[in-house]
Each structure stands twice: as structure tokens, then as C-alpha cells.
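Note sheet for the following structure.
Every number in this text was worked out from the coordinates using simple rules, so none of it is lab data. These figures come from a predicted structure and were not determined experimentally. Glycine also receives a Cβ, built like all others from the backbone with ideal geometry; neighbour counts cover every protein chain displayed.
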2 protein chains.
Amino acid sequence: MRVRDLGEFPLIDRLAARLGPYGKDVVVGLGDDTAVIRKSEDRLYLVTCDIQVAGVHFLPEAVTPRRLGRRIAAINLSDIGAMGGEPRHFLISLAVPPDTEAAFLDDLYRGLVETAGRFGADVVGGNVSRHDALVIDAFLLGEVEAGREVLRSGARPGDLVMVTGRLGASRAGLALLLGEADGGPAVPGDVRERVLAAHQEPEPRVREGRVISRLGGATAMIDLSDGLASDVGHICDASGVGVLLREEALPVDEDTLAVAALVEAATAARKEAAGPSGRADGHMDAARAQAVRWALTGGEDYELCFTAAPRAAERLAAEVEAVTGTPVTVIGEVLPPEGGRWLVRADGRRVPLEAAGWDHLRTEEA
Amino acid sequence: MRVRDLGEFPLIDRLAARLGPYGKDVVVGLGDDTAVIRKSEDRLYLVTCDIQVAGVHFLPEAVTPRRLGRRIAAINLSDIGAMGGEPRHFLISLAVPPDTEAAFLDDLYRGLVETAGRFGADVVGGNVSRHDALVIDAFLLGEVEAGREVLRSGARPGDLVMVTGRLGASRAGLALLLGEADGGPAVPGDVRERVLAAHQEPEPRVREGRVISRLGGATAMIDLSDGLASDVGHICDASGVGVLLREEALPVDEDTLAVAALVEAATAARKEAAGPSGRADGHMDAARAQAVRWALTGGEDYELCFTAAPRAAERLAAEVEAVTGTPVTVIGEVLPPEGGRWLVRADGRRVPLEAAGWDHLRTEEA
């Protein structure tokens with residue numbers, strides 16, 4: 001059995017089974033946004049790492065090194081945010097091709113230190129090695145008051161499901177980098193810049209996570225790295241619950257819809273150029289469907305998804321918006337475990353969440 | 001200026017200059033075996049990471065995955081040992097080619113968890129990504145009592161310089177893997193196995209480091225990863241001192257001498273085969289010189305090098321040997337900063353330590 005046939009999450013489960021018993025100070029091991037280690041009676045340490053590989057996670061020729069540094073900081077800060085914690089200290093492992101310009105690394109570190117510093121974290125060490133591809137692995141240590149950590153495992157049937165910010169914009173930015181809108185109408189410069197920034201330099205929701213942690217009442221939380229459909233599934237797995245999300249409620253913004261429309265127009269133009277069987281009509285519906293797919297499965301939005309009982313949910317949403325200015329949207333509710341995992345489409349059809357991101361959907365009447 | 005022209009340590013210095021002010025809980029940032037973070041009034045956290053790249057740090061076809069896992073654990077454990085600390089928790093970042101056998105990773109993790117467990121550490125998390133080369137980055141969190149941490153920066157003129165165990169055996173193992181003894185006399189199987197183990201599965205000196213830390217009196221300590229000449233230079237840099245090492249005192253064992261002799265014999269045989277200008281005589285002297293070079297610059301021995309005033313040094317050496325069975329050897333002494341950095345050759349010549357590992361030596365009368 002090869003890694004390619006096994007897939008990421010089954011591989012992690014398989015490796016997790018190899019891990020021996022944890023030390024007594026381990027509160028949570030593998031399986032949440034971070035591991036949780038007891039620091040003292042009233043404080044916990046949060047530890048997380050994330051490896052980023054050139055050509056897999058980023059395109060070195062399409063991103064400035066400073067922005068790449070900010071992105072790498074943000075991805076890790078986001079995991080601490082998703083636990084309700086405060087980031088503290090980064091270690092950075094670098095593998096670099098020997099012909100890399102030192103100025104490139106200067107700027108990468110400048111970006112890293114800038115974004116870390118904005119959230120109260122520093123870079124205290126690391127190591128450097130040579131390799132034929134640029135690999136950057138960041139390790140981040142954070143802290144949270146004992147009892148204030150928000151795990152993935154506490155969601156209860158009847159809780160509301162909420163997200164911060166907007167969904168799909170990161171994937172819209174990636175679409176432009178991948179040339180998916182090439183050959184269609186021009187992408188307005190301001191739209192392009194905003195979705196590229198969403199993809200290359202996501203804003204980690206550390207302050208939002210702290211507000212949620214301190215106010216109390218959130219039963220589960222995760223940051224959206226793989227995509228909403230997959231990540232909300234991790235909450236379901238850890239909490240032993242089902243979920244129902246509403247397509248109409250997903251916070252997809254105008255920029256993302258605009259890029260989706262331009263990608264659809266470009267696709268239609270290519271089909272038309274290819275022969276008389278091409279069709280350009282109806283592409284606004286297709287654009288909306290594309291944007292929803294990006295919101296569900298595009299990934300890398302680095303928003304927070306969290307659950308709370310309805311009354312607490314209202315208070316949490318109001319407080320996050322008041323303190324941070326970041327909107328919070330209720331997008332669905334937690335079901336009992338036997339309730340399954342569903343997306344209710346705009347037309348009322350209910351589709352299995354795991355299939356909701358794909359073009360060919362299994363459907364079932366709601 | 002490219003990374004290749006800058007070199008590893010100037011690059012690290014350059015990146016270090018980018019790091020902002022550290023948080024108040026940072027006791028030591030970049031520049032020691034680990035970063036040091038205050039945990040409480042009487043406890044410190046130690047954090048370290050090390051990235052290992054297939055083809056750069058190990059040859060995947062020449063090492064079993066289980067042994068590779070043990071090696072990766074050992075390299076990081078060694079850094080905690082060099083601070084006098086107790087290892088606690090690993091996080092592992094993996095980048096794997098998709099056609100990797102899952103069983104390979106099973107065994108890698110088995111080895112990792114085994115060696116971590118032998119020293120009281122566990123593996124609490126990590127992340128997995130795809131890449132065309134296997135990259136394994138390990139982060140290790142450890143602890144030490146406040147005041148018991150042994151930094152690189154406390155060596156004083158008159159202190160003795162000591163090392164645990166033996167030097168050069170790891171490089172002897174690498175020589176066999178690189179085929180440097182091919183074409184010469186056969187390498188005895190038991191010698192081969194011992195030097196391969198030294199290279200592929202070094203024994204981290206965690207217990208030795210703990211004895212040194214608890215007994216007190218050690219003024220500086222480092223683990224030998226780059227090679228004695230370079231690593232003792234790090235103590236000199238951090239402590240602002242000079243050093244004098246004695247070639248005759250270096251603990252080079254019989255296995256390393258044997259492999260060095262076989263490599264020299266193979267080299268002589270190749271020269272002879274190449275034409276009449278080859279010489280096979282005098283290769284035992286050449287073998288001894290080779291073994292000394294390996295001890296000074298071969299690297300990856302993962303022994304501890306530490307300094308202490310003469311009386312404390314005697315007590316430390318005796319206690320480490322009594323408690324752990326690991327020999328400790330005095331190999332030189334610390335000089336005032338203006339004293340320079342020297343190696344005294346077996347024939348009494350004094351050579352600059354930075355050149356002592358090279359074939360073409362700058363020499364100076366002692």
C-alpha cells in the first residue's frame with residue numbers, strides 16, 4: 001500500500017496508531033489543531049507545525065518572498081487561534097536550494113517576523129539545510145488559560161455552526177494564479193489584488209479566537225485549511241455528531257463571485273473557440289455554483305469555524321464583530337450522530353456534504 | 001549574493017539579524033543548541049528542530065526506515081542533552097513522495113517512537129505533505145530546572161575541554177556507505193556494523209547531559225553535529241575565548257582507525273591500478289591522519305563537548321562514567337580570547353584549528 005493510494009487522513013490515522021502512550025502532561029495529542037501540553041495548574045501550552053513545500057503549497061515565482069513569509073506565519077498562527085490561544089514562539093526549519101538569493105530569505109524572514117509580531121509572537125530559532133526545493137517548516141508554541149482551550153470535540157446536537165469572515169476567496173486567488181481566467185474578460189485590478197491577498201497572505205483569526213475563548217460558550221472550533229466540507233467533518237468526527245449546512249448562508253463575497261464568473265466566461269470562451277458545441281449561456285448560474293464549490297472545498301481560507309448553543313452563538317457572534325470587526329455568519333447546525341452530514345442547496349435539495357464539493361452530486365430530496 | 005556563496009553560518013547570522021526583539025519569557029533565542037523559554041520561576045522549556053532531507057542528510061536506499069526513525073529522534077534528543085535537559089515532546093513534519101510505501105513510514109515512526117521513549121519523550125503530533133523527496137523535520141520540546149541549563153557561552157580561560165564517547169566513527173560509517181573502501185581489503189563484518197550504527201543510529205547523550213547538568217560545574221556544552229573543530233568553535237564564539245586541543249588526546253577508537261586504514265589501502269590500490277606513480281607505502285600514517293580528520297571534521301558523532309574548571313572537570317568525568325558507563329576524555333583547554341584556536345599535533349606542531357581538518361595545513365611551530 002502506497003501513500004498515494006492511502007490518502008492523507010488515513011495515513012495520519014495509521015501513523016497515529018504507532019504513537020506510544022503520551023506523557024502525563026499531554027492534555028491532547030494528535031487530532032486537533034494543535035497538541036496541548038500542561039504548563040502549570042492554570043496554563044496550557046499549544047504546539048503545532050506546518051510544512052510548506054515549493055510547487056506543492058506555493059509557487060515561488062508567483063509570490064513575493066515577504067508575502068510568503070507572512071503566509072507561513074499566518075498558517076501557523078491560525079492553528080493557535082483555532083484553539084483560542086495566544087501565539088508565542090516560532091522555530092523555523094528551512095531547506096533551501098544553494099542558488100537561492102540571500103535577499104530572498106531576508107525578505108521571507110522579514111515577512112515572517114512582521115506577521116508573527118503583529119500577533120505577539122517572535123522567532124526564537126531554527127535550522128537551515130540545503131535541498132533542491134525550498135521547504136519551510138514552521139513550529140509554533142502558544143499558550144491558553146486551562147479550561148479556555150476550544151477543541152474540536154465538544155460540539156453537541158442543536159448547536160449552531162458559525163464561520164468568521166468569508167469563504168472561497170483564497171481559491172479564487174489560486175484560480176488566477178493557475179490561469180483559470182486566462183482567455184476570458186479582463187480581471188479588474190482591485191478584485192485581483194484582493195483575492196490574491198486572500199490566497200497568499202490570509203489574515204489569521206487569532207484575535208477572533210481569543211474573543212471566542214475568553215467569552216466562553218463555544219463547544220468546538222477548527223480553522224479552515226482543507227476546506228469547509230472537510231474541516232467541519234473533522235469537528236463531526238471528533239465530537240461524534242452530524243451536521244447540516246445551508247448553501248445560501250455561506251459567506252461568499254462579491255470578489256469571489258466575480259472571479260468565479262470570469263473563470264466560467266473564460267471556460268465558455270475556450271469551448272466556443274474549440275467548436276460549435278461550446279455554449280456561453282447560463283454561465284452566471286455556473287459561476288455561483290463554482291463559487292460555492294470553492295467555499296466548500298477550495299481550502300486555505302484560514303477562517304474559524306465554531307459551534308455553540310444558539311443563545312451563546314448569538315452572544316459570540318456579536319462580541320467577535322464588536323471587538324474585531326470581523327463578521328460572523330451562522331451557516332448551519334449540529335445534528336445527532338445518526339443525522340448524517342448534509343448540505344441544503346439553494347433550491348432546497350439536500351446533498352451529502354462529502355459530495356457537495358464535486359461536480360457530479362449524489363442528491364436526495366430534502 | 002547566493003546562499004551557496006554565503007555558507008551556512010553566515011546565512012544563519014544574517015537571518016538572525018532579521019529577528020525582532022524576543023518576548024520577555026525568552027531566556028536564550030537563536031545561537032545555542034536549543035532556544036530557552038521560561039516555563040515558571042524554577043523551570044525552563046527547551047525547544048529545538050532539525051530538518052533531514054533524503055539525499056542530503058541520509059541515503060534512503062542505504063538505511064532501514066526503522067533505523068532512520070531512531071536517527072532522527074537521536075539527533076534532536078542530542079540537542080536537549082547538550083543543554084542538560086530532559087526531552088519531552090516531539091512534533092514531526094513529513095513531506096513524502098506519493099509512491100512511498102506506507103509500511104516504510106510505519107517503520108520510520110516505530111523507530112522514532114522507540115528512541116524517543118527510551119529517553120522519556122513522546123510524539124504528540126505533526127503534519128504530512130507530499131513532495132518529490134522525503135523530508136522529515138522534527139521539533140522537540142524539553143525541560144530543565146532553571147539555573148541547570150548549560151549554554152555555550154560560559155567557558156572561561158583555564159577550563160578543560162572534554163568529550164563523551166569517541167570521535168570519527170560516524171564519518172567512518174559514512175565512508176563505507178560512500179564506497180570509499182571499495183576496491184581494497186574486505187571490511188570485517190563486525191567493524192562495518194559498529195561504524196554503520198555510529199553513523200545511522202547515534203546514541204544521544206541525554207543521560208550524560210543530565211548528569212553534567214545536575215552535578216553542576218560545567219561552564220559550556222554543545223553536541224557534536226558539525227564536527228569537533230567547528231563545534232568547539234561555537235563555544236569559543238559564544239564564550240569569547242580561545243582553545244587548544246591535543247590531537248593525541250582525541251578519543252579515536254580501533255574501529256575508526258581500522259576503517260581509515262582500509263580506506264587508505266583502497267585509495268592506494270586504486271592509484272596503483274591507475275599507473276606506476278601510485279604508492280602503497282606509508283598508508284598507516286595516512287590512515288591515522290585520516291581518522292584524526294574524521295574526528296575533527298567528520299561530524300555527526302553526537303557526542304557532548306563540554307568545559308569545566310579542572311577540579312570540577314575531574315568530578316564531572318568520574319560521575320558521568322560511573323552513572324552512565326560512557327567514557328569522558330579531556331582533549332584540551334580553554335585559552336584567553338587572544339590565545340587563538342589551535343590543535344597541537346602528535347609531533348608537537350601547533351596548527352590553527354580551523355585548518356586542522358584539511359589536507360593542506362597552515363602550520364606554525366609550537
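Annotations
- Taking every C-alpha pair closer than 8 Å and separated by at least 6 residues, the mean separation divided by the residue count of chain A gives a relative contact order of 20 percent.
- P(r), alpha carbons of chain A - 20 Å bins starting at zero, rounded %: 28, 58, 14, 0
- Under 5 Å from the amide H of B:ARG130 lie the amide H atoms of B:VAL96, each residue being 5 or more positions distant or on a separate chain, with H modelled from the backbone and absent for Pro and chain starts.
- Reciprocal mean inverse distance between Cα atoms of the stretch A:3-145 - Kirkwood radius, Å: 16.3
- Packing rank of B:320-330, A:288-298, where each peptide gets the mean count of other beta carbons within 10 Å, highest leading: A:288-298, B:320-330
- Across the stretch B:3-145, the mean sequence separation of Cα contacts (distance under 8 Å, 6 or more residues apart), normalised by length, yields a relative contact order of 31 percent.
- Backbone phi angles across the stretch B:106-117, fed through the Karplus curve with coefficients 6.51, -1.76 and 1.60 (θ = phi - 60°), yield HN-Hα couplings of 3, 5, 4, 5, 4, x, 4, 5, 4, 5, 4, x Hz in residue order; Gly and Pro are listed as x.
- Shielding score for A:54-63, defined as the mean number of other chain Cβ atoms within 10 Å: 1
- FRET E, pair B:GLU272, A:ARG130, Förster distance 51 Å, beta-carbon r, rounded to 0.05: 0.90
- The amide H of B:TRP342, built 1.01 Å from its N in the peptide plane, has B:VAL243, B:LEU244, B:LEU245, B:LEU353 as neighbours under 5 Å, considering only residues 5 or more places off or on other chains.
- Calculated FRET efficiency for the pair B:ARG350/B:ALA62, C-beta based, R₀ 41 Å, to 0.05: 0.60
- Dipole magnitude for the stretch A:3-145: computed about the Cα centre from +1 point charges on Lys and Arg Cβ and -1 point charges on Asp and Glu Cβ, it is near 100 debye.
- Proportion of all alpha-carbon pairs of the protein assembly as shown beyond 43 Å (%): 32
- Using R0 = 30 Å, the C-beta based FRET efficiency linking A:PHE9 and B:GLU101 works out to 0.95.
- Inter-copy spacing of B:ALA186 label points, which lie 7 Å from Cα along Cα→Cβ, given in nm from shortest upward: 7.8
- Trypsin sites (Lys or Arg not before Pro) restricted to the stretch A:1-43 and DSSP loop, no more than 11 other C-beta within 10 Å: A:LYS24
- Theoretical ellipticity at 222 nm over chain B - DSSP helices of four or more residues, -39500 (n - 2.57) apiece, nearest 500: -11500 deg cm²/dmol
- Length-normalised contact order for the stretch B:160-355 - Cα pairs under 8 Å, 6+ apart - percent: 41
- Computed about the Cα centre, the dipole magnitude for chain B is approximately 480 debye when only Lys and Arg (+1) and Asp and Glu (-1) carry charge, each at its Cβ.
- Each part gets one Cα centre, and for the stretch A:181-214 versus the stretch B:85-121 those centres are 36 Å apart.
- Given charges at Cβ of Lys, Arg, Asp, Glu: the protein assembly as shown dipole, positive-most of A:ALA220, A:LEU59, B:ALA268: A:ALA220
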